Amino acid sequence: MDILELRPVAEELFSKVRELSHDGVGVTRASYGEGESATASFLRDFALKHGLEVSADRAANLLFRLPDTCGEGQAVWCGSHLDSVPQGGNYDGLAGVIAGLFCLLAQKQSGTASRIPLQVIGFRGEESAWFGKAYMGSGALFGLLDADDLALEQRDSGESLASCMHNAGAEIEAISRQEALFDPLRVRAFLELHIEQGPVMVARKLPLAVVSGIRGNVRHNSIQCLGAAGHSGAVPRWLRRDAMFAVADLIMRLDEHWSVLLERGTDLVVTTGMVSTNTAEHAVSRIPSQVRFSFEVRSKSIDTLEAFYQLMRAECTAISRERQVRFEFDRRLLSKPATMDGQLCDLLSKVCTRQGTTFEVIASGAGHDASLFANAGIPSGMLFIRNQNGSHNPEEAMEMDDFMLGVQVLHETIRELS
Ligand SMILES: [Zn+2]
């Protein structure tokens, strides 16, 4: 069977999953929540109907394989995540899981057993939007979730991550002992197909791209700046302890450092995605005493991440002194940058060239489960599919032609590996 014949099936799968997780605006597949579970059970039924074997791993991720394969020996792993951000797009994560399923279907149709079997994984809990922490499903597999992580609360329900994972079927005792839940030596290679979440491939007219590495990040979900409340008309500038001006000053200082570092060729992006005064007491005529904000810096270089983080802390200290305010930090979260395997990048590139596709090798600004595999020493590779209108929003728009081209490259690459 030519794998391109699966195109109508792809259209149907994407539209059915969109339907079952539609929230009126975009799709919502909460980590360990309703939309994610509905997506998992829909894909399980689809796979079973097509003669694949389906099971859950010890962290409640979904595993697909051909019947009676993936026993004791090595397997090639491929997959992506099942969850989405609130009111997100339909292709983030889902594209990679469906692509993996298609590779299994193509192998099944061809009827020739490969030397190294393929295991497709649908991760739960990749998005940080729900618990303030990314890579929960893959992190649990590697024994990377600590007690603080497991105590994190779901943004809407307040239920702990431990309880949500447990309800989804994960072995929470083993996870809380930070045991590795699988043997990494049995993974011959990890491959992830994913939509590009930035504007680069559309601008450069590239249907596909091979990913060289994944930016890491350092975050605080919540930093508090504390000053003193006062009457906006009555307190002169020199006596103010205005938390909002202090935070604005900090952000502008960081922007200046960022722009200087960019001129020097440093890979860096800086974001404060959430800023708020205390709604219970804020007023037009009140000097804000309390401002809460998030901090995130991303880079391909761990040294750059550390250096910029220290710079941010030093500026907070300086501003505290100059403006008579105080900064309080919640737990610092680090996701390490990752480098994709050189040989896998070459192989993916070779297959793209053979298919006659224009492509480039680019870095990923967004984080992916593949980074955990790469940082555990497992040869890992990623293939990006062009996607219009960015990601983490309902306007994500991947062309089905681009997707099928990517599936073809993934399938060929897996064939060469096994
Ligand atoms: Zn994603």
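At-a-glance table
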read-out: Net charge contributed by nearby residues that have their C-beta within less than 9 Å of ASN389 (K/R +1, D/E -1); value: -2
read-out: Overall Cα dimensions of region 217-335 - principal axes, largest extent first, Å; value: 47, 26, 20
read-out: Cβ-based exposure ranking for THR317, THR112, in which fewest neighbours within 10 Å come first; value: THR112, THR317
read-out: Ratio of the Cα radius of gyration of region 33-172 to 2.2 N^0.38 Å, where N counts its residues; value: 1.08
read-out: Ranking of TRP77, TRP258 by count of other Cβ atoms within 10 Å, fewest first; value: TRP258, TRP77
read-out: Span from the region 297-375 Cα centroid across to the region 209-283 one, whole angstrom; value: 19 Å
read-out: Stokes-Einstein D (µm²/s) once Rh is taken as the Kirkwood radius of region 1-82 over alpha-carbon pairs, at 10 °C in 1.306 mPa s; value: 111 µm²/s
read-out: Computed lengthening from ASP330 to ALA151, 0.36 nm per intervening residue step minus Cα-Cα distance; value: 63.1 nm
read-out: Bins of 5 Å, starting at 0 and running to the largest distance - Cα pair percent for region 105-173; value: 3, 14, 25, 19, 8, 7, 9, 8, 6, 2
read-out: Ordering of 133-142, 11-20 by burial proxy (mean other Cβ atoms within 10 Å per residue, highest first); value: 133-142, 11-20
read-out: Long pairs among LYS16/LYS300; LYS16/LYS108; LYS16/LYS205; LYS300/LYS350, criterion Cα-Cα beyond 32 Å; value: LYS16/LYS300
read-out: Beta bridges per DSSP with both ends in region 53-178, % antiparallel, nearest 5; value: 55 percent
read-out: Cα radius of gyration and Dmax for region 302-399 (Å); value: 19.7, 63
read-out: Cα-derived Rg over Rh, computed across region 136-271 with Rh taken as Kirkwood radius; value: 1.10
read-out: Cα centroid separation, region 91-136 to region 1-77 (Å); value: 7 Å
read-out: Per-peptide average of other Cβ atoms within 10 Å, ordering 222-232, 243-253 highest first; value: 243-253, 222-232
read-out: Rounded to 5, the percent of DSSP beta bridges in the chain classed as antiparallel; value: 65 percent
read-out: Order of ILE385, ILE116 - criterion: other Cβ atoms within 10 Å of each residue's Cβ, fewest first; value: ILE116, ILE385
read-out: Whole-Å semi-axes of the chain's equivalent ellipsoid (Cα gyration tensor); value: 42, 23, 20
read-out: Mean ellipticity per residue at 222 nm, deg cm²/dmol - from DSSP H runs of n ≥ 4 across the chain, formula -39500 (n - 2.57); value: -11500 deg cm²/dmol
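Here, each number is a calculation from the coordinates, and none is a lab measurement. Everything numeric in this text was worked out from a predicted model, so none of it was measured. Quick reminder, even Gly has a Cβ in these numbers, built from the backbone with ideal geometry, and neighbours come from all protein chains shown.
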